[in-house]
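Heads up: the structure comes next, in structure tokens.
The values are calculated or read from the model by the stated rules, or taken from the named source; none is laboratory data. Every value quoted in this text rests on a predicted model; they were computed, and no experiment measured them. Ideal geometry is used to build each Cβ from the backbone, glycine not excepted, and the neighbour counts take in all protein chains shown. For accessibility, only protein heavy atoms count, side chains too; no ligands or nucleic acids. Shrake-Rupley method; radii C 1.70, N 1.55, O 1.52, S 1.80 Å.
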Amino acid sequence: MADVSGSTFQLSVKHNEPTLVPPAEETEKGLYFLSNLDQNIAVIVRTIYCFKSDVRGNEDAMEVIKNALSKVLVPYYPLAGRLTISSEGKLIVDCTGEGAVLVEAEANCALMEIGDTTKPDPVTLGKLVYDIPGAENILQIPPLVAQVTRFKCGGFVLGLCMNHCMFDGIGAMEFVNSWGESARGLPLKVPPFTDRSILKPRNPPKIEFPHHEFAEIEDISNTSQLYEEEMLYRSFCFDPEKLQHLKKKAMEDGSISKCSTFEALSAFVWRARCQALRMLPDQQTKLLFAVDGRSRFMPPIPDGYFGNAIVLTNSLCKAGELSENNLSFGVKRVQEAVNMVGDSYMRSAVDYFEVTRTRPSLAATLLITTWSRLSFHTSDFGWGEPVLSGPVALPEKEVILFLSHGKERRSINVLLGLPASAMKIFQELVDI
């Protein structure tokens with residue numbers, strides 16, 4: 001990035017020694033069960049929350065956040081433990097109580113100088129989260145690692161590395177917001193429900209659906225050659241007007257009578273990405289996305305459920321079908337994938353993993369992750385809501401992220417990475 005004088009500016013961050021923050025009180029010890037829905041998403045998610053100095057300076061940011069973390073780790077005690085492997089060969093948490101890792105750091109600039117944080121930037125934004133030195137796998141990384149970076153303007157950034165096996169997006173944001181409530185001396189609005197045994201597999205397991213999300217697709221288009229090019233990361237803003245236009249376009253041929261913003265946008269970017277990657281008409285392509293199962297389980301999952309309550313649903317079709325048909329074709333595929341998901345589908349997914357221990361294949365696949373309904377922007381540690389928040393990087397090249405944006409959070413930022421030549425085509429296709 002360049003500063004106002006035109007010279008190249010590079011963010012430099014100086015770290016203090018990391019410290020362990022244990023729970024403020026004695027907590028439950030022993031092994032803590034993780035469900036099959038937790039096992040399936042054991043990846044590190046890195047996010048940042050940027051706070052300005054309008055309310056107060058950053059001198060006591062580390063102390064406030066550290067004390068609040070210690071308090072919130074009492075109800076969220078598994079986050080103070082360590083991941084290990086159970087006798088069944090599954091991930092489980094050893095609740096040792098040793099604590100989360102917290103690091104204080106200092107940046108060489110003002111917060112506004114780090115540039116555009118609305119798109120993933122692993123190089124720059126990666127300096128605002130702390131990676132455990134020498135860690136070779138997720139068992140060597142504590143479930144929660146936090147970094148507080150103070151900037152010269154008086155603002156600061158809270159950077160988090162959290163293991164997805166501990167919670168999905170809804171659970172993670174309930175935790176971060178609870179942490180903020182602890183910092184402000186408030187009781188927790190949504191105390192965590194920690195019993196994950198409610199999502200144990202049936203005995204015997206019963207697989208009732210063809211779980212195509214796990215299907216391996218042969219990539220006959222050989223798009224892997226494209227990925228040898230330079231990868232570009234872009235953020236595309238769809239304002240309410242554009243989103244309304246997409247929904248209208250999806251319904252204009254009369255084959256569907258209604259559709260949601262998510263359904264229209266997902267179908268649109270799925271088609272555009274297939275075209276940008278120059279997939280062959282006969283190439284099978286798979287769309288994956290997560291559906292929140294909290295209200296779809298019977299009985300519904302309790303409020304504050306601490307773990308993953310999402311399941312992946314999917315749609316399969318040929319790339320040519322997406323490209324040659326109206327937008328309604330893709331929207332119908334998305335709607336069918338959503339409508340599949342009920343109690344029996346989700347319990348079948350839990351049982352499928354119990355029997356196969358398979359993880360979803362991403363060959364010739366687009367995985368859409370929707371953060372647009374998550375309360376990223378409400379985390380308040382006493383400095384008001386963050387001026388910016390979001391991911392540091394996309395986890396895989398096949399992932400597209402939807403984030404809410406703008407006035408009343410009614411716009412959606414679409415974040416993705418593509419090879420340079422494909423990104424040029426994608427940009428032209430989504431310019432509506």
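A few notes on this one:
- Within the stretch 152-184, the set of residues being open to solvent by 30 Å² or more (accessible area, probe 1.4 Å) and over 12 Å from Val72 (Cβ atoms) comprises Lys152, Cys153, His164, Ile170.
- Residue match in the stretch 249-260 (condition: within 19 Å of Ile400 (Cα to Cα) and buried (at least 16 other Cβ atoms within 10 Å of the Cβ)): no
- Pairs are defined by a Cβ separation below 9 Å, a sequence spacing of at least 6 or placement on different chains, a first member in the stretch 230-246 that is under 30 Å from Val123 (Cβ atoms) and among the charged types (D, E, K, R), and a second member that is open to solvent by less than 40 Å² (accessible area, probe 1.4 Å) and part of a helix (DSSP H, G or I); the pairs so defined are Glu230/Ala420; Arg234/Met423; Arg234/Phe426.
- Lone unmet requirement of (1) open to solvent by less than 70 Å² (accessible area, probe 1.4 Å); (2) out of contact with any strand residue (DSSP E or B) (no Cβ under 8 Å at 6 or more places or on another chain) for Phe238: (2)
- Residues that are under 20 Å from Gly382 (Cα atoms) and open to solvent by 60 Å² or more (accessible area, probe 1.4 Å), drawn from the stretch 185-204: Gly185, Leu186, Pro187, Lys189, Pro191
- Test set (1) in a loop (DSSP other than H, G, I, E, B); (2) surrounded by fewer than 18 Cβ atoms within 10 Å (Cβ to Cβ); (3) modelled with pLDDT of 95 or more - Glu428 fails condition number: (1)
- Members of the stretch 28-52 that are open to solvent by 20 Å² or more (accessible area, probe 1.4 Å) and more than 30 Å from Leu288 (Cα to Cα): Glu28, Lys29, Gly30, Leu31, Lys52
- Residue within the stretch 79-91 that is among the acidic types (Asp, Glu) and in contact with a Leu (Cβ under 8 Å, 6 or more places away or on another chain) present: no
- Scanning the stretch 316-349 for residues that are within 28 Å of Gln39 (Cβ to Cβ) and either open to solvent by less than 10 Å² (accessible area, probe 1.4 Å) or hydrophobic (A, V, I, L, M, F, W, C) (or both) yields a total of 10.
- Any hit, the stretch 294-303, residues being open to solvent by less than 10 Å² (accessible area, probe 1.4 Å) and of a type outside the set (Phe, Trp, Tyr): no
- Some residue of the stretch 53-76 being closer than 30 Å to Asp351 by Cα, open to solvent by 70 Å² or more (accessible area, probe 1.4 Å), within 25 Å of the chain's Cα centre (by Cα) and modelled with pLDDT of 95 or more: no
- So Ser235, is it in contact with a Lys or Arg (Cβ under 6 Å, 6 or more places away or on another chain) and either modelled with pLDDT under 95 or of a type in the set (Gly, Ala, Ser) (or both): yes
- Taking (1) closer than 30 Å to Lys29 by Cβ; (2) open to solvent by 40 Å² or more (accessible area, probe 1.4 Å) in turn, Pro122 satisfies each apart from (1).
- Within the stretch 244-275, the set of residues being of a type in the set (Ser, Thr, Tyr) and either in contact with a helix residue (DSSP H, G or I) (Cβ under 6 Å, 6 or more places away or on another chain) or in a helix (DSSP H, G or I) (or both) comprises Ser255, Thr261, Ser266.
- Restricting the stretch 370-403 to residues that are open to solvent by 30 Å² or more (accessible area, probe 1.4 Å) and among the β-branched types (Val, Ile, Thr), the residue that is modelled with the lowest pLDDT is Thr378.
- The set of residues in the stretch 77-93 that are closer than 16 Å to Ser197 by Cα, modelled with pLDDT of 95 or more and over 23 Å from the mean Cα position of the chain (by Cα) contains only Ser86.
- Failed condition for Leu367, given (1) open to solvent by less than 40 Å² (accessible area, probe 1.4 Å); (2) in contact with a helix residue (DSSP H, G or I) (Cβ under 8 Å, 6 or more places away or on another chain): (2)
- All positions within the stretch 224-243 that are within 15 Å of Val269 (Cα to Cα) and part of a helix (DSSP H, G or I): Lys242, Leu243
- Considering each residue of the stretch 6-24 in turn, at least one proves to be in contact with a strand residue (DSSP E or B) (Cβ under 7 Å, 6 or more places away or on another chain), open to solvent by 10 Å² or more (accessible area, probe 1.4 Å) and without any contact (Cβ under 8 Å) to a residue 40 or more places away in the chain.
- Comparison of Ala272, Ala264 shows that the only residue that is of a type in the set (Gly, Ala, Ser), within 15 Å of Gly417 (Cα to Cα) and open to solvent by less than 40 Å² (accessible area, probe 1.4 Å) is Ala272.
- Asp282 vs. criteria open to solvent by 50 Å² or more (accessible area, probe 1.4 Å) and in contact with a Gly (Cβ under 7 Å, 6 or more places away or on another chain): yes
- Meets criteria (more than 24 Å from Pro191 (Cβ to Cβ), buried (at least 16 other Cβ atoms within 10 Å of the Cβ) and of a type in the set (Val, Ile, Thr)) for Val129: yes
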